[in-house]
1. If I ask for residues that are surrounded by fewer than 19 Cβ atoms within 10 Å (Cβ to Cβ) and either closer than 22 Å to Ala284 by Cβ or outside the structural domain of Gly154 (by TED's automatic domain parsing) (or both), which ones from the range 233-255 would you list?
2. Would you pick out the residues in the range 195-238 that are in a helix (DSSP H, G or I) and in contact (Cβ under 8 Å) with a residue 60 or more places away in the chain?
3. Evaluate the range 267-282: report whether one residue or more is within 22 Å of Ser130 (Cα to Cα) and modelled with pLDDT under 90.
4. Can you name every residue in the range 313-337 that is surrounded by 21 or more Cβ atoms within 10 Å (Cβ to Cβ) and modelled with pLDDT of 75 or more?
5. Determine whether Ala71 is buried (at least 17 other Cβ atoms within 10 Å of the Cβ) and touching a residue at least 24 places away in the same chain (Cβ under 8 Å).
6. When you scan the range 258-269, do you find a residue that is hydroxyl-bearing (Ser, Thr, Tyr), more than 22 Å from Trp288 (Cβ to Cβ) and either outside any helix (DSSP H, G or I) or touching a residue at least 24 places away in the same chain (Cβ under 8 Å) (or both), even just one?
7. Just a yes or no: is a residue in the range 38-61 surrounded by 15 or more Cβ atoms within 10 Å (Cβ to Cβ), in contact (Cβ under 8 Å) with a residue 60 or more places away in the chain, under 15 Å from Pro203 (Cα atoms) and outside the structural domain of Asn264 (by TED's automatic domain parsing)?
Amino acid sequence: MNEIATYGEPLDHHTHVGDLAKAWLEDAGGRLKPKTMQGYRSAVAASIVPILGKRVVSELRPSDVRRLHAAVFSRGVGASSVAGAHRALSAMLSFAVDEGMIARNVAESVDIPTQAPTNRDSLSRAETQSLLEDGDPRWALSLLSGARDGELRGLRIEDIDFDANVAHISWNLAEATSQHGCGGTCGYKRASNCPQRILDVAPNLESIPLEGRWVLVRPKSYKPRLVPLTQPLAGALRAHIEEDDGWNPHGLVWHRPQGTPLTNADMNSALRQALRRAGIKRPATVHWLRHTYTTMSEHAGIPWVVYSRISGHASEDISRRYTHQLEAEARDGIARLDAYLRERR
């Protein structure tokens, strides 16, 4: 009776976490990006269901969330894996709240464990200068725009306007899972073996299939970004494209010799080689370059609203108020950042 008085109906005291996870993933698969769904499915299969799957959803307590954290940490993984499991659980419980199964999301009352901040995820100014001198326009574009790994790998030749010296960061390269397109009649258990398989991409996402599991989807902000190019960077990009005589059926700026898209591992391997040539011994990844962009922009004195809009960090509400200012100042901001990084102290 108390539940009816408080919530208008009795809560669900029968559904287990494992059953909720299945229903939630089915619902979320029609709305979310492939990479997001891959992370959620992995967290559900590896952590949430094995640890909490038999618990009744409405009986979950904050102590259960902390137990999930401890169990994931016990595998020897880092805080990012624990945070991924927490976010997946929280999203799943929010779905249960919306469905009237539970009254509150207990995951929201528990802090996500974090590691102590370190400086290992950003290059120093001197290291950044050395990397820029290596001459690869991939790293220059990332360092001067904060472009994400998938955005670099998904950049097409047609997205660069050399007349205006502007790059349109319009797509993110993603690896989608497959689902049966036969209605379950092909006889194969794995959807990837189905002769009529289709990519598992949410229907509300604008996307371009390339080949196999590779697909271009709109970037995280859902809004293409215009990135002004410095003259040296535009020249390096033009030279790279003109010198590329390999098979390139998708028109990608960077690709494998056989024309297939680059993987994240390919990019990190290329970056490590560039770092070695530059005399940098730290094991950086491409994601470091995005952090480096933010750090160096702050040090160069570029207004946050300018550099965050270029990189896609700014919220749409904030950026909309400064649209004209951003269009006028973005090119100047990148020029200032380039000068700051190349200036020897």
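The values are calculated or read from the model by the stated rules, or taken from the named source; none is laboratory data. For clarity, every value in this text was computed on a predicted model and none was experimentally measured. We place every Cβ from the backbone using ideal geometry, glycine too, and count neighbours over all the protein chains shown.
1. Within the range 233-255, Ala236, His240 meet the criteria.
2. Matches in the range 195-238: Gln231, Pro232, Leu233, Ala234, Ala236, Leu237, Arg238.
3. Yes, some residue in the range 267-282 is within 22 Å of Ser130 (Cα to Cα) and modelled with pLDDT under 90.
4. Gly333, Ile334, Leu337
5. Against the criterion (buried (at least 17 other Cβ atoms within 10 Å of the Cβ) and touching a residue at least 24 places away in the same chain (Cβ under 8 Å)), Ala71 does not qualify.
6. For the range 258-269, residues hydroxyl-bearing (Ser, Thr, Tyr), more than 22 Å from Trp288 (Cβ to Cβ) and either outside any helix (DSSP H, G or I) or touching a residue at least 24 places away in the same chain (Cβ under 8 Å) (or both): present.
7. The answer is no; no qualifying residue exists.
Here is a yes/no grid of residues against (1) assigned to a loop (DSSP other than H, G, I, E, B); (2) farther than 25 Å from His287 by Cα:
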position	(1), (2)
Asp64	no, yes
Leu68	no, yes
Gly84	no, no
Pro113	yes, no
Leu123	yes, no
